[in-house]
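This report concerns only the one structure given below.
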Amino acid sequence: MLLSFRQTLIGCAVALSTAFTAAQADVTGLWQGYGSWTYDGSSIPCLLTIRFEENQTHVRRHKGQLQCDVLTMHSDPLMWQKNGSELLLEGEMAGSWSENGIKTEELAGDNIKVSTDLNAATGEYHEVWSRVSDGAIFYDIRANLKRSK
């Protein structure tokens, strides 16, 4: 009786360990959809396309593009390392991940921070470009995305 109880506990521990190491934000794939780009109080419709790859150790953005009638913006490839539920860029805290998606931060030049939130379950995407020194918002990008793998 004691042996089977011990085997059951070991089996449960292995299953839990596997479940926790296999957990991901589930953002892998090509995400595409329509949304809006807001700048200086004006909002225009845009098409957003972005590709992510995720594994046990990192989240990688392969490319991204925001296409509006008046502009096109591109996101360069970038890779965040996973450390627990945190995402790191060059060893510094730059976001987080959970089973619901990712939240990332990156610098886009002197004094400009880009914060991104992708909900993998709903496809809701939000990106904010702001000034680091005072938090003033330059761009506010929102979209409802669908994924194809």
Give the stretch 90-111 a look and list any residue that's modelled with pLDDT of 95 or more and among the hydrophobic types (A, V, I, L, M, F, W, C), or say none.
Met93, Ala94, Trp97, Ile102
So, first residue in contact (Cβ under 8 Å) with a residue 60 or more places away in the chain in the stretch 36-59, second residue exposed (fewer than 15 other Cβ atoms within 10 Å of the Cβ) and not in a strand (DSSP E or B), Cβ within less than 7 Å, six or more apart or across chains; the pairs are none
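Could you count how many residues in the stretch 122-149 are assigned to a loop (DSSP other than H, G, I, E, B) and within 14 Å of the chain's Cα centre (by Cα)? Walk me through how you get there before you give the answer.
Taking the stretch 122-149 first, the residues assigned to a loop (DSSP other than H, G, I, E, B) are 122-123, 132-136, 149.
Subset that is within 14 Å of the chain's Cα centre (by Cα): 122-123.
The qualifying residues number 2.
Could you list, in sequence order, all residues of the stretch 43-96 that are of a type in the set (Ser, Thr, Tyr), within 19 Å of Ala120 (Cβ to Cβ) and assigned to a strand (DSSP E or B)? Steps first, please.
At the first step, the residues of the stretch 43-96 found to be of a type in the set (Ser, Thr, Tyr) are 43, 49, 57, 72, 75, 85, 96.
So of that shortlist, the ones also within 19 Å of Ala120 (Cβ to Cβ) come out as 49, 57, 75, 85, 96.
Matches in the stretch 43-96: Thr49, Ser75, Ser96.
The values are calculated or read from the model by the stated rules, or taken from the named source; none is laboratory data. Because the structure is a prediction, the values reported are computed rather than measured. Note that we place each Cβ from the backbone using ideal geometry, even for glycine, and neighbour counts take in every protein chain shown.
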